[in-house]
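Below: one structure, written as structure tokens.
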Amino acid sequence: QGGKLIVSGTIEQGAAGRFRDELETRGRTIGTIVLDSPGGSLGDAMAMARLIRDRGLATQVKAGGTCASSCPLVLAGGVKRTVEVGASVSIHQFYATHAQETPAQAMADAQLVTARISRHLSTMGVDPALWLHALDTPPQRLYRLTGEELQAYRLTTRL
């Protein structure tokens, strides 16, 4: 409606493919992706952001909406990124949903994912220092970004 596609719910594995299919079905009628998600799969979130950027779409989190965990990585994909007053944008440490073979492998995997996230944010024009708040926040908690932080890290182009 009104050129906006609402993306809500958990970003499950395979979500990027379903999102791509939806964008292809809707064609050029979509100009803005409205996000309301508790997050989920990091890989799918970054793939969704690339689809958004490749199509030149805007992203938005409406007042009362939530964009948490990996969702801010999707938000970063918008060529214009708006977070309305009263919306919540939050991040935390990522975590593995499966057991790692060894502690050394777990450490290597974590460093690789951190590098991918930093590179992703930088490519999208967002200050990768934003992710330091995630690295400091345990997975069972959320760090809610303030309006000032959203602007300072360039996660929003408009509040």
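The set of residues in the range 11-21 being open to solvent by 40 Å² or more (accessible area, probe 1.4 Å) and touching a Ser or Thr at 6+ places or on another chain (Cβ under 7 Å) consists of Glu12, Gln13.
The set of residues in the range 146-158 that are part of a loop (DSSP other than H, G, I, E, B) and in contact with a Leu (Cβ under 7 Å, 6 or more places away or on another chain) comprises Tyr153, Leu155, Thr156. Of all residues in the range 43-57, those that are free of Cβ contacts under 8 Å to residues at least 60 places away in the same chain have Cβ atoms under 8 Å from Cβ atoms of residues that are among the basic types (Lys, Arg), 6 or more apart or on another chain, in Leu51/Arg20. So which residues in the range 22-39 are surrounded by 13 or more Cβ atoms within 10 Å (Cβ to Cβ), of a type in the set (Gly, Ala, Ser) and not in a loop (DSSP other than H, G, I, E, B), if there are any at all? Across the range 22-39, the qualifying residue is only Ser37. Has the range 129-141 got any residue that is over 21 Å from Gly43 (Cβ atoms), charged (D, E, K, R) and either in contact (Cβ under 8 Å) with a residue 60 or more places away in the chain or open to solvent by less than 90 Å² (accessible area, probe 1.4 Å) (or both)? Within the range 129-141, not a single residue is over 21 Å from Gly43 (Cβ atoms), charged (D, E, K, R) and either in contact (Cβ under 8 Å) with a residue 60 or more places away in the chain or open to solvent by less than 90 Å² (accessible area, probe 1.4 Å) (or both).
The values are calculated or read from the model by the stated rules, or taken from the named source; none is laboratory data. This is a predicted model, so every value here is computed, not measured. Neighbour counts are summed over all protein chains in view; Cβ atoms, including those assigned to glycine, are modelled from backbone coordinates with ideal geometry. Heads up: the accessible areas ignore ligands, DNA and RNA and are worked out on the full protein's heavy atoms, side chains in. Shrake-Rupley method; radii C 1.70, N 1.55, O 1.52, S 1.80 Å.
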